[in-house]
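The structure that follows is given in the form of structure tokens.
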């Protein structure tokens, strides 16, 4: 991960084209970012009522601080796994949610300055809609 935007190798892009690969990549990111006590999951959007609501307005991931969990909507991962742009979007979304986890104490979990700075620091691209 490097400041200045998300860079994925060809291998990472291939890995991110499957649900198992997304799980593996996300787990590696959590561990690398000091969030090893957090879990990652891919779930049907309707499993979390607020996630279903978010999915309707375009959001596809969720940071659940009380459970130390980051989730992505299965529908999003399935739809995005077919190409390199989808791999980028999936990875950016994982980092987006990780930035929330990392700024809970400084930004209240929102999209403020601390969150944006952390998102950029860990390699995310806040200019992309996720």
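Each reported figure results from applying straightforward, stated rules to the coordinates on display, with no laboratory input. Bear in mind that the values here come from a model prediction, so they are computed numbers and not experimental data. Here the Cβ is made from the backbone with ideal geometry for all residues, glycine too, and neighbour counts use every protein chain on show.
Set the Förster radius R0 to 35 Å, insert the Cβ-Cβ distance between residue 11 and residue 68 as r into 1/(1 + (r/R0)^6), and round the FRET efficiency to 0.05. Working shown, then result.
Working: r = 28 Å, r/R0 = 0.81.
That pair, residue 11 with residue 68, gives E of 0.75.
So, one more: Mind checking the full-extension length gain between residue 111 and residue 127? Use 0.36 nm per residue of separation minus the Cα-Cα distance, one decimal, nm. Spell out each step's value before the answer.
Numbers: separation 16, 0.36 × 16 = 5.76 nm, distance 1.22 nm.
This chain segment gains 4.5 nm when fully extended.
While we're on this one: With label points built 7 Å along Cα→Cβ from the Cα atoms of residue 24 and residue 43, find their separation and express it in nm.
Inter-label distance under the simple model: 2.5 nm.
Calculate the FRET efficiency for residue 36 and residue 79 from the Cβ-Cβ distance with a Förster distance of 25 Å, rounded to the nearest 0.05. Working shown, then result.
Numbers: r = 29 Å, r/R0 = 1.17.
Computed FRET efficiency for residue 36 and residue 79: 0.30.
A follow-up question, please. Would you order 18, 36 from fewest to most other beta-carbon atoms within 10 Å of each residue's own beta-carbon? Display every interim value, and only then the final one.
On the way: 18 13, 36 10.
Taking fewest neighbouring Cβ atoms as first place, the list is 36, 18.
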